[in-house]
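Here, each number is a calculation from the coordinates, and none is a lab measurement. What you see is a predicted model; the values in this text were computed from it and never measured. A quick note on method: Cβ atoms are made from the backbone with ideal geometry, for glycine too, and the neighbour counts reach across all protein chains shown.
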Amino acid sequence: MDVKRLEIDKFVIGRDDPTFIIAEIGLNHNGEIDLAKKMIKKAKKCGADAAKFQMFDTSELYSRDHKLFDTFESLQLSREGWREVKDFAEKENILFTASVFDKNSVDLLDELKSPMFKIASGDLTHIPLLDHISRKDKPTIISTGLSNISEVEEAVNTFYSNGNQKISLLHCVSNYPSSLADLNLNVIETLKRSFRVPVGFSDHTLGTTAPVTAVASGADIIEKHFTLDRNMEGPDQKLSLPPDMFDGMVEKIREIEKGLGDGLKKPVEDEKMIKNARRGITARCTIKEGEEIKEEHLKITRPEIGIKPKFYELVLGREAKKTIDEDEPLTWKHI
């Protein structure tokens, strides 16, 4: 299956490349720049490749009488605050990015020179927003929670219609927390076959089983909520991974990558050293020169020194060109 690779800054994302791991800090900074910096530093230490936030103008996201308006407004950072956070991430050598929820936030993230955009699942069908993002001609990761395949196709086509093919998709189940029974990780392969782009997994389960399994199922990207402490205030803290668990998840992912390989069925170097596993055709008894070789003369034993077992029928009925001793491996020179 020919799947495009995606380049984001110094990272290359695709089948044979390391899994791109995103620490979804999201709203867990609680509107505090110092806390955001601590989380960035810790995420980097835990092995994350990117620290992702949520960038929005609350007045463009909710009406003022919505019950969540005040909560989100308290979590909104200023332009200067975002610049400070971005500069800190750059200093820590971790990719800074954000899910963007409105055109002004798209323009701000672009102004901050983030190398990519992220589109949240809820905005997959927000075609005007996707159109605006796609025209920036930057790599974009699109979450696909809540959607069916035709809605994903419409989102992808929005980018392609503007000449931007720098996309990847994330399979996602948007309920918080998600149960393992709902994950349907085989969708990762479905999306790859359908759109021929890198596909990852945005995980909302409480543990690390799902993201590690997703990598084994072909995920090129893992996005996982990150917190310093699940007991902190905030809507997403309890479903996020604290540092010790996030670090453990990254370690498991890096371990499983070693076992995935390139998909080509061939002996590995260490297997080539094994001499006693396969068998060859051997003389069960002495076979005299000129004697017709019959089934009762032969056995198939380890190691595979002589003629391979697949040629057994060709050996039967041949005349021995010279005497073959008992337990001597047969070679083509014997017949």
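The table for this structure:
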{"read-out": "Distance from region 42-103 to region 186-217 (C-alpha centre basis), Å", "value": "24 Å"}
{"read-out": "Cα-based Rg of the chain normalised by 2.2 N^0.38 Å, two decimals", "value": "1.46"}
{"read-out": "Centre separation in Å (Cα based) which lies between region 239-273 and region 281-309", "value": "45 Å"}
{"read-out": "Separation of the Thr209 and Leu146 label points, Cα + 7 Å toward Cβ, nm", "value": "2.8 nm"}
{"read-out": "10 Å binning of all Cα-Cα separations within region 184-256, expressed as whole percents from 0 upward", "value": "20, 46, 26, 8, 0"}
{"read-out": "Alpha-carbon Debye profile of region 96-158, log10 I(q)/I(0) at 0.14, 0.16, 0.18 Å⁻¹", "value": "-0.34, -0.44, -0.56"}
{"read-out": "Per-pair calculated FRET efficiency, R0 = 25 Å: Asp70 and Lys238 via Cβ, rounded to 0.05", "value": "0.75"}
{"read-out": "Cα Rg, Dmax, region 271-334, angstrom units", "value": "11.5, 39"}
{"read-out": "Sites Asp182 and Ala216 - FRET efficiency at Förster radius 22 Å, r taken between beta-carbons, to 0.05", "value": "0.75"}
{"read-out": "Degrees, to the nearest 10: 149-161 long Cα axis against longest axis of the chain", "value": "70 degrees"}
{"read-out": "Stokes-Einstein D (µm²/s) once Rh is taken as the Kirkwood radius of region 1-107 over alpha-carbon pairs, at 25 °C in 0.890 mPa s", "value": "163 µm²/s"}
{"read-out": "In Hz, Karplus ³J(HN,Hα) per residue of region 73-84 (6.51, -1.76, 1.60; θ = phi - 60°; x = Gly, Pro)", "value": "5, 6, 9, 7, 8, 6, 4, 5, x, 5, 5, 5"}
{"read-out": "Leading residue at positive end of dipole, region 7-260 (Cβ point charges), from Leu206, Gln76, Leu146", "value": "Leu206"}
{"read-out": "Per-residue [θ]222 nm for the chain (sum of -39500 (n - 2.57) over DSSP H runs n ≥ 4, rounded to 500)", "value": "-9000 deg cm²/dmol"}
{"read-out": "Extended-chain gain in nm, criterion 0.36 nm per residue less alpha-carbon gap, Lys272 and Lys299", "value": "7.3 nm"}
{"read-out": "Extension reserve of the Ser59-Arg15 stretch, reckoned as 0.36 nm per residue once the Cα distance is removed", "value": "11.8 nm"}
{"read-out": "In order through region 170-183: 3J(HN,Hα) via Karplus (6.51 cos²θ - 1.76 cosθ + 1.60), integer Hz, x for Gly, Pro", "value": "10, 5, 7, 10, 8, 6, 10, x, 8, 9, 4, 5, 8, 6"}
{"read-out": "Potential extension, Glu257-Lys310 segment - 0.36 nm per residue separation minus Cα distance", "value": "15.5 nm"}
{"read-out": "Only Lys, Arg (+1) and Asp, Glu (-1) charged, at Cβ; the chain dipole about Cα centre in debye", "value": "1120 debye"}
{"read-out": "Qualifying trypsin sites (Lys or Arg not before Pro) in region 210-267, DSSP loop, other Cβ atoms within 10 Å at most 12", "value": "Lys265"}
{"read-out": "Karplus-derived 3J(HN,Hα), 6.51/-1.76/1.60, for each residue of region 199-215, Hz, glycine and proline x", "value": "10, x, 9, 9, 9, 10, 7, 8, x, 10, 4, 5, x, 5, 5, 4, 4"}
{"read-out": "Region 12-45: trypsin sites (Lys or Arg not before Pro) in DSSP coil with no more than 16 other Cβ atoms inside 10 Å", "value": "Arg15"}
{"read-out": "Where labels lie 7 Å past Cα in the beta-carbon direction, separation of Ser78 and Asn231 in nm", "value": "3.3 nm"}
{"read-out": "Surrounding net charge for Gly290, when Lys and Arg each add one and Asp and Glu each subtract one, Cβ distance under 14 Å", "value": "+1"}
{"read-out": "Filter on Lys52/Lys258; Lys138/Lys238; Lys45/Lys136; Lys45/Lys224 - keep pairs with C-alpha separation over 21 Å", "value": "Lys52/Lys258; Lys138/Lys238; Lys45/Lys136"}
